[in-house]
Each structure stands twice: as structure tokens, then as C-alpha cells.
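Notes to accompany the following structure.
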Amino acid sequence: MTVPTHNPASPILTVKDLDLFYGAKQALKKINISMQRNQVTAFIGPSGCGKSTLLRCFNRMNDLIDNVRVEGSISFEDQEIYAASTDVITLRRRIGMVFQQSNPFPKSIYENIVYGLRIAGVNDKSLLDETVERSLRSAAIWDEVKDRLHDSALGLSGGQAQRICIARAIAVNPEIILMDEPCSALDPISTLKIEELIDELKRKYTIIIVTHNMQQAARVSDVTGFFYLGELIEAGPTRKIFTNPEKTQTEDYITGRFG
Amino acid sequence: MKKNYTQASRRRDRLAELLIRICGLFVIVAVVWILVMITRVALPLFYSPKATSIASISLPVELKQSRLLSIGIDETQQELFSLDGKGLVHFIDTRGGTLKESVPVPDPPPGARTVVSAELVSKSLYNLLWDTGVVSSVKIAFSSTRSESGNTIVSHEVSADPEGFFPGSGAFKRSFVRTIEGKGAVRVDQLESDRIRVTWRSKETDLFGNEKATTSSSEIQDPLPAAITAVVLDHAGHYLYAGTRNGQLMRWDISEPGEIRLLDSTAVTGNSPVTALNLVLGDISVAVGDGKGGYTAWFPVTAAGSGEGKQLVRTHVLRPHTGTVSAILPSPRDKSLVSVNDQGVIHIDHVTSERNLLTLKGAKPVAMLALSAQGNSLCSLDTAGNFAVWRLEIPHPEVSLGTLFGKVWYEGYDRPEYVWQSSAANDDFEPKMSLVPLIFGTLKATAFAMLFAVPLALLGALYTSQFMAPRLKSRIKPAVEIMAAIPSVVVGFLAGLWLAPLIDKVVLAFFLSFIIIPVMLLVTIFFWRLIKTASPLERRLRGKEFIVLIPIVLVGTWLAYLLGGIVEVQVFGGDFKQWLYSVLGIRYDQRNSMIIAVALGFAVIPLIFTIAEDALSNVPRNLTAASLALGASRWQTAWRVVLPSALPGVFSAVMIGFGRAVGETMIVLMATGNTPIMSGSIFNGLRSLSANIAVEIPEASLNGSLYRVLFLSAVLLFIFTFIINTVAEALRQRFRRKYGRY
């Protein structure tokens, strides 16, 4: 699962001239962007601008939707994600995902965390226990749930559930974590906790986050990309995008003139 | 304006709520009402029998000095009669105790002056043994008509029956005469010296129409273990029974003229004398009462081990009397017996159910007992010369919890068994109403059907909800739902008249297809895995995989058909069913449990499929997405996330299917042979509770035992489904708490 050698300077994900069509409708137009290792990249933009669609291209979740057509290239390190030889299952283990709505399985907290390992055929109890603790600690929720690991995960609050989902994604040791508006359904305190967590996680993982919340993007990300109507209008260091954007559209959006 | 609007909508809300409540209440009331109604029909089965004392009169003064031989009573408890030693029949009004009329027995034998004994042969027919040794028959019958004013008027008639005339000479203790239709008659005399003589009079008609009568006579030569204390002869004149002072019961076959064969000599009471002996209606069981009050019923049973010989076996133990049993009187209507002990305690028992129906106690020892021709009235005459008359209400003597749910030793059976056979052509038939074979049949049909239906329906639902292309799904699901709308009579008809003969021809192929098709599917799946995920071919076939499987299933069926023929010839010598019977001893019924499994399964599959599919489809997409994003395959997602999440719904689907299978009537009725047998074999048929109701209710007489037992089985079915549904709902709630919200 680990990649033998890589140049820290080279991007972990590179998107080149990516077009995506839902049937006849083009949802992404000529996207070019690259993501750096151990950085948080935020995608912002109004609803329907294609930022989530792009996110879902990285772990090929779009495969599940009928009549999706992808043109162009996304390379994950040296591997072409949309190549015929790509094993989707391995790809998804290396690129984890956290969804907009927390979606714990109707199982115990423990089983939620070890799900990714179990489906990979890991059944070694000590390894599973170890993974559960490590993942829950990484997701900063260990202290809250350590006494009720075998209770149903459905009994958790929204913020806790979302952190469980993050822990579940971490458990399989991915390289990239995709976050699709992870805080949109959470209260400010839970949001804050997740944001602190993201800051913590970027030491080990590369994070790509889609968000509607510009303050959030400003707070957590290193790089921000602004999407509008399927196009990547502008991408650059977060500070620059928020203080001195090159495009007027970006500026309009950030200052709240539309969107 | 706005205020009005809010008020109106609030009013509408309240109205809707009220309407929903009323409808819900109506449903509950209707269901409870149905349960109450069917229970009300079934409940009288368990009411205790009733005897109402109608009259208690003393013997009219005119008869105080008479030597009475027999008594009798009419059906409406208005008139009774007594027969005296002079050959006079005295009719007595039960209301006043007055003598209404004395009628001499018509056509007494010449020279005869007094009657020695009288025997009730059958309903209202008496054989009289005269002092000259001649036996003659007399019919003393009551008939009742309803007058215009609504009163019942009883009339009586005394007539001679020339058929029963049998000459003889000498002094006898007792004599029995039985006429044998068209062949003559047989007479058994118990002589003073405890010897028994049998006389046959055969009548033959030669080709010219001349009648030739021959008479032969023979005495029983077998040594008797002790003095004879009771003798009884069956109605056909075939078997003679005698009880002895030391408690032996002997049985002779006297059916062939000139031949007396001792069949049994069995200790029946444990040394206490046999004091009362009589045959239960139907002449198969013999009831024995002894000097200590022991009261049992016996009939010949093929002894275990011994080839053909039948031995008398104690099959029923009735409630013992407190003292010597002095007389046993069989009911003319069913397998009930009236017995009395030396203290005048009268028991009414039913042999089959071993129920003590009634216990009546008079003040004085009873000298004589009589039942009316229909068994509705009981009359006793005690030693002090007092008549007592009762009206009996024993509507369901043969039904008890024991006969409904336990093993019962029925006449002609070698051991106690669970049997359902409610009716037969003859009146003296013993109804066998064990619900156990029917409950067994219901469960068996359900079990086989579920075995067939649940895997198919659930896997189908899983595939449809998780894998099938949405466009295909939108067509296939309604198609399966239409399957549920096929009238069950059509399914049953096809199963019984098309499928059963078809499978009958290709049993082996049917079995082989269960092996061959899955193996072929596995092979296909193996090759399928070579197709890369998201390759163009995979993309094209995704959601339509089953189309590829259709030809494979067809080829599998064809292979099974071919192989079935080969295997039948090579392994089973050309005829599987013959092999099954001769080697394993298993009988193959054409309409068997396999047919039921397929037919009932066909009815249940759409139900389970639809509900399970809904439950599975209701599992939110974001759960499947989460699983897939963690690197699970679609199959892993379906199996580990979707199915557990939808478990409550899937479980409901299975239980609703189960409930439907339990209650299904027409399919089971038409696709099985309706044989109420208890056999776990897949090759045998069955009869279910519901099919049984459908089959038998048309022939059950209103408010008869069968009618009520059928209603009882309806109550059982009701309770059955009620319990299933309640347990299912409770379990579903538990699953819901444990596994999830969907």
C-alpha cells in the first residue's frame, strides 16, 4: 500500500484537462490542478459548481452513477486513476472519504472502525484492537467513546458520528482523505473540533476538502481552489486567494457578492 | 382571512385524525369479532354434558307383582314401557306415572306361557326367550309427531318380527338369536349347566327356487377356566364373548356353521369376576366391567411379532366404578357406554375419548337400564320399583383435548396413533379427529415452501435492489408483484395438474437441477471475475448480469434432464420410484411436498421479494457509499452493510411470507393429495389445517362435532398466525434497536 519512493516536492494528485459529462451535460470543464502531499486543499464555490464531482473523481465514486463519462487524466502519484488497469478497491483504500452527512453503519463503534480492515480480510483481534484505538485517538474521539466501543454507533451525536466516520476512514491507513462538506450538518462547536482535527491530520495525510464555508476554507486549508460552473476559476495558496485573488469572479464570491 | 384558514386546516386535521381512528378501531373490532364468532362455534366442544332429571315415578300398582324383564323409553321422555314375564308390554306415562296401556306380545309361540328373558338386539328390537325354549322377536317402537299446537305426541307400536323366530326346546339361562341376512340364523344358548350350545340354521335356495333349510348344532368343547358370568354375541352372529368368574375373557369365532373356534382366552380383570360385558356400537370393542369396579374396553389387535393372529388387547381404561359393575349398556348412536354399579351409580363414558361424561346417582341399586333409540333419554328402574328418567345432552362425547392433540388407540389400529379421519360411510364409525396430523401438515408445507422461497426471494431482492440497473428494476419489480396477484386457485391448479405429473416423470432431473444449476452458476461467476471492474464489457453488463444467467440456467435444466435419464438407468435400474420403494421403502406420491414447496413457494416469493426489496432499497445511499469508499466490493457492501441494516424489514418480509404460507388454502388443497399423514418424507403429501377446513366443512353437519372441530382448527390457525405475527413484530423491534433504522 505504501509507495516506495516519492519526491516530496512532486504532487500526489495531478489533474490534467479533466472533462466530465453526466450524459450530455458537461459538469467539469478542462480542470487542471495538482495537490501536494501533507497539505489541505479546499475546494470552494457555489452549489452545483462541480467541486464535489471533482472530489468524487479521485476515488472513482462517480463510477456508481450511470452515464458518467470522464475525459482527461488524473494521476495519483504515477498511476492513472481512470486507467483500465486501476483496481478501484485498492484505489479507494488509498484514498479515503468522509461524507457530508455522517453515515456510521448500524453496527457498534468498534465494528464501524474495523470495517475497512474486515472487508480486506483482517481478522486478527489484537491488530483490530490496536487499529481501533489508534484511529479513534487520531480522530480525537477516543476519550469520548472508549468505554462504549461496543455500543451502537447510531447513538452518537452528529459531531461524534462524523469523527467516527473520519476514524473509520483513517483505520485503513489511506494516503489521501477526501472530505465532502464534512461540517455542513454540524453545530459550530463540533465544526471547530473537526477543523482542529483536520489541522492535526494533515501531518500524516493529504486532505482535500469541499466546503461551502469560506471561513472554514480560510481556517483549515493551505491551498484553495475556486470553482464556478464546472470550471476551476482560480487556485492558489489560501492566503492569496482570500486576500488578493487574481480573478474578479473569485473576489466577488469571496466578498459575498454572489453565490 | 388568515385566521379562518388556520382554523379550517385545524378542523380538517382533526377530522382526518378522527376518521383514521374510527377506521383503525373498526379493523380491530372486526378482527376480534371474527375471533369471537369462530370461538363461539368451537367452544361447545368443551362444555360438560348435561343430564336433566325429567321424572321420578314409582311403578304403577298394577305392576307391583309383575316380574319385569326389560324396560324402554321414548326419545322425548314422555312414555316408557316395561316388559313382564307374561309377555305383556306395559306403557307408562312418565308425567303421572299411570299405566296407559298393556299390550300382549303378538304371535307368541304356541304353548308358550311365560317369557324367561328378553334381550335388546338393536334399536327397539327385542328377542324373547319363552319357557318352551323358543325364541321370538318383537319390536317395541315409539314414534312421535308434532301436533298443530306444538306439542309432541308420542305413540307406540308393538309388532312381531317373524324373522327372529327360532325354535328350540329345553331350559336355558339365556339365549341369543341373530339372523344373518339371506343365510339363515344362528342361536346361542347358555344352558343351566354353564355349557354353551350354538345352533346354526342355514337357508339355501337351489336353482329351481326351492328353499332348503338345514340345522346343525354344536356345543363349546373348550375347557372353561371358571364359571361363566357374562355372555355377549355380536350383531352379525360371528363372535361370541364370555367372561368368567376368575376374570378371563374368552372369544370364539362361530361364523362358519358347525365350527367353533376359540380365539382368545385373556385375563382381563386380574382375577376379579367379569360381571358385565357388552359390545360397543360397531361390535369391535368389548367393554368389560368387573367385581371390583374395573371398567375397560378391549379389541382384537395384531400382536407385535406374531404374524396374523389377533389378540384381545386392553385399549381403553374407563373411569372405574366404586363397586361391582352390574351392567353395561352401549349407546345406539356412538361409542358411548352407560354402566351401573351395584350401588346404583350410573356412569356414562365414551370409549374413544375415555371421557367420563356423566355420573348419575340414584338412591337404590338399579335393576334395569334403558336408553332411547337415539340415545337422548335414559331410564332406570331401581330395586325398590322406582323409575328415574333423564334427558341427556351429550353433543360431543368423542372430543376431548386428548383426542384432539394426543395419541388415541382407535378400533382396528395396532397402536395409539394421531389420526384424522372424520367420517365414513357407516354409522357405527369411530370418528378420528386428531388435529396433530393437520398441524404437522401445515408446518411441513410451510417449512418446505419457505425452504424453497426464502433463499430465492431474498437473494433476488438483494440483487434487484443493489445490483440491477434501475431501468430494468422498474420493470422487473412490478412483474414480480403481479405474480402475487395470480389467484391461488390458478397456482394450485397448475401445480396439481401440470407440475405434479411433470415432476413425477423427471424426479431425478428435478433433484439434479438443484446441484447442476448452482454449480454452473459458480463456474460462471468464476469466469465473470476475469472481467475487469469498469471495463467497457463490465459497464455494459452491469445491472444486467442475470440476462447472461438465463441461458445458463436453461442449459443447466437441460443437462439435469439428460443426466437424470442416465442416472435413473445406470444407478436406479431404470425406475427411481420403484427403487425408492423397494430399497428404501419410501412411497412416492405424485402430489407430494416438493410440489407444495414449489407451488406455495411461488405464491410466497413475490410477497417476500417485494417487501424485502423495499427494505433493502431503503438503506440510504450514503451507507453504501461509505462502504464502497472504504474499498468494499459491491457484494461486500450488500452483504455486510445493506443486509444487516435492512434486517428488520427483511425479517418482516420472511414472516409475512410465513404467515401467508401457513394460512394458504387453495394451493395446498389442490397441489397435495390431502392425505392427513404424519410423514416427514418429501415424497409424501400432506393435509393442512386450512385445506382441511375447506375440504370438510361442506360435509360437516351444522353444530356437529366435526363442524365444531373444524371451527376449532380455524381458531388454532388464527392463534397460530397471531403468535407468529406478534413474535415477528417483537423480534423486528429488537432488530431495529440493534441494527438500524431502516
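In the range A:58-88, the qualifying residues are those that are in a helix (DSSP H, G or I) and closer than 18 Å to B:R621 by Cα, and the one that is modelled with the lowest pLDDT is A:L64.
Can you confirm whether B:K86 is touching a Lys or Arg at 6+ places or on another chain (Cβ under 9 Å), farther than 13 Å from B:S137 by Cα and in contact (Cβ under 8 Å) with a residue 12 or more places away in the chain?
Details: touching a Lys or Arg at 6+ places or on another chain (Cβ under 9 Å): yes; farther than 13 Å from B:S137 by Cα: yes; in contact (Cβ under 8 Å) with a residue 12 or more places away in the chain: yes.
In short, yes.
So, A:Y115, is that one aromatic (F, W, Y), crowded, with 16+ Cβ neighbours inside 10 Å, away from chain B (no Cβ under 14 Å) and within 30 Å of B:R736 (Cβ to Cβ) or not?
Working: aromatic (F, W, Y): yes; crowded, with 16+ Cβ neighbours inside 10 Å: yes; away from chain B (no Cβ under 14 Å): no; within 30 Å of B:R736 (Cβ to Cβ): yes.
Against the criterion (aromatic (F, W, Y), crowded, with 16+ Cβ neighbours inside 10 Å, away from chain B (no Cβ under 14 Å) and within 30 Å of B:R736 (Cβ to Cβ)), A:Y115 does not qualify.
B:L83 passes every criterion in (1) surrounded by fewer than 20 Cβ atoms within 10 Å (Cβ to Cβ); (2) within 20 Å of B:S380 (Cα to Cα); (3) not acidic (D, E) apart from (1).
For every residue, the table says whether it meets (1) among the aliphatic types (A, V, I, L, M); (2) free of Cβ contacts under 8 Å to residues at least 12 places away in the same chain; (3) closer than 30 Å to B:S336 by Cα.
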| residue | (1), (2), (3) |
| --- | --- |
| B:S9 | no, yes, no |
| B:L15 | yes, yes, no |
| B:A30 | yes, yes, no |
| B:T114 | no, no, no |
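Restricting A:T191, A:T250, A:T238 to residues that are surrounded by 19 or more Cβ atoms within 10 Å (Cβ to Cβ), more than 18 Å from the chain's Cα centre (by Cα) and more than 30 Å from A:S126 (Cβ to Cβ) narrows the list to A:T250.
Within the set A:I95, A:I89, the sole residue that is under 30 Å from A:D129 (Cβ atoms), within 10 Å of another protein chain (Cβ to nearest Cβ), touching a Gly at 6+ places or on another chain (Cβ under 9 Å) and of a type in the set (V, I, T) turns out to be A:I89.
The single condition from (1) hydrophobic (A, V, I, L, M, F, W, C); (2) buried (at least 23 other Cβ atoms within 10 Å of the Cβ); (3) within 14 Å of chain A (Cβ to nearest Cβ) that B:L623 fails is (2). The residues of the range A:232-250 that are within 16 Å of A:C49 (Cα to Cα) and either touching an Asp or Glu at 6+ places or on another chain (Cβ under 6 Å) or at pLDDT 90 or above (or both), listed by number, are A:L232, A:I233, A:E234, A:A235, A:T250.
Touching a residue at least 40 places away in the same chain (Cβ under 8 Å), surrounded by 13 or more Cβ atoms within 10 Å (Cβ to Cβ) and assigned to a strand (DSSP E or B): does that describe B:R197? In short, no. For the condition touching a helix residue (DSSP H, G or I) at 6+ places or on another chain (Cβ under 7 Å), crowded, with 18+ Cβ neighbours inside 10 Å, away from chain A (no Cβ under 14 Å) and part of a helix (DSSP H, G or I), B:V553 does not qualify. Here B:E545 meets the list (1) at pLDDT below 85; (2) within 14 Å of chain A (Cβ to nearest Cβ) almost entirely, failing just condition (2). Regarding the range B:447-454, can at least one residue be identified that is surrounded by 20 or more Cβ atoms within 10 Å (Cβ to Cβ) and not in a helix (DSSP H, G or I)? Scanning the range B:447-454, I find no residue that is surrounded by 20 or more Cβ atoms within 10 Å (Cβ to Cβ) and not in a helix (DSSP H, G or I), so the answer is no. Quick check on my filter: what residues within the range B:125-155 are surrounded by 20 or more Cβ atoms within 10 Å (Cβ to Cβ) and within 16 Å of B:Q374 (Cβ to Cβ)? Residues satisfying the conditions are B:I140, B:F142. Checked against (1) in contact with an Asp or Glu (Cβ under 6 Å, 6 or more places away or on another chain); (2) among the polar types (S, T, N, Q); (3) not assigned by TED's automatic domain parsing to the domain that holds B:G685, B:N426 meets all criteria but (1). The residues in the range B:326-369 that are assigned to a loop (DSSP other than H, G, I, E, B) and of a type in the set (V, I, T) can be counted, and the count is 2. The set of residues in the range B:596-637 that are assigned to a helix (DSSP H, G or I), under 49 Å from the mean Cα position of the chain (by Cα) and more than 30 Å from B:G441 (Cβ to Cβ) comprises B:E613, B:D614, B:A615, B:L616, B:S617. Cβ separations smaller than 7 Å between residues 6+ apart or across chains give the following pairs from the range A:19-45 residues that are aromatic (F, W, Y) to residues that are loosely packed, with under 15 Cβ neighbours inside 10 Å: A:F21/A:R69; A:Y22/A:N67.
Only a single criterion out of (1) within 13 Å of chain B (Cβ to nearest Cβ); (2) within 22 Å of the chain's Cα centre (by Cα) is not satisfied by A:Q79, namely (1).
Of the numbered criteria (1) assigned to a strand (DSSP E or B); (2) surrounded by fewer than 19 Cβ atoms within 10 Å (Cβ to Cβ); (3) in contact with an Asp or Glu (Cβ under 9 Å, 6 or more places away or on another chain), the one B:G270 fails is (1).
Results for (1) more than 14 Å from chain A (Cβ to nearest Cβ); (2) crowded, with 20+ Cβ neighbours inside 10 Å; (3) within 16 Å of B:Q421 (Cα to Cα), shown as yes or no for each residue.
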| position | (1), (2), (3) |
| --- | --- |
| B:I667 | yes, yes, no |
| B:S690 | yes, yes, yes |
| B:I693 | yes, no, yes |
| B:A700 | yes, no, yes |
| B:R737 | no, no, no |
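Hey, among B:S380, B:S372, B:S400, which residue is touching a residue at least 24 places away in the same chain (Cβ under 8 Å), in contact with a strand residue (DSSP E or B) (Cβ under 6 Å, 6 or more places away or on another chain), buried (at least 22 other Cβ atoms within 10 Å of the Cβ) and closer than 25 Å to B:S701 by Cβ?
Details: B:S380 fails: closer than 25 Å to B:S701 by Cβ; B:S400 fails: buried (at least 22 other Cβ atoms within 10 Å of the Cβ).
Just one listed residue meets the conditions, B:S372.
Here B:F572 meets the list (1) crowded, with 22+ Cβ neighbours inside 10 Å; (2) touching a helix residue (DSSP H, G or I) at 6+ places or on another chain (Cβ under 6 Å); (3) not β-branched (V, I, T) almost entirely, failing just condition (1). The one condition from (1) of a type outside the set (A, V, I, L, M); (2) surrounded by 13 or more Cβ atoms within 10 Å (Cβ to Cβ); (3) without any contact (Cβ under 8 Å) to a residue 12 or more places away in the chain that B:T464 does not meet is (3).
Answer yes if at least one residue in the range A:130-153 is within 11 Å of chain B (Cβ to nearest Cβ) and not in a loop (DSSP other than H, G, I, E, B), and no otherwise. Yes, the range A:130-153 contains a residue that is within 11 Å of chain B (Cβ to nearest Cβ) and not in a loop (DSSP other than H, G, I, E, B). Hey, among the residues in the range A:69-99 that are aliphatic (A, V, I, L, M) and out of contact with any strand residue (DSSP E or B) (no Cβ under 6 Å at 6 or more places or on another chain), which one's surrounded by the most Cβ atoms within 10 Å (Cβ to Cβ)? Looking at the filtered set, the residue picked out is A:V88. Just one of the numbered conditions (1) of a type in the set (D, E); (2) over 24 Å from A:R60 (Cβ atoms); (3) in contact with a His (Cβ under 7 Å, 6 or more places away or on another chain) is not true of A:E144: (3). Screening the candidates A:I176, A:I166, A:I209 for the property of being buried (at least 24 other Cβ atoms within 10 Å of the Cβ) and within 14 Å of chain B (Cβ to nearest Cβ) yields one hit, A:I166.
The values are calculated or read from the model by the stated rules, or taken from the named source; none is laboratory data. Nothing here was measured: the structure is a model prediction, and the numbers come from that model. Note that each Cβ is placed from the backbone with ideal geometry, even for glycine, and that neighbours are counted across all protein chains shown.
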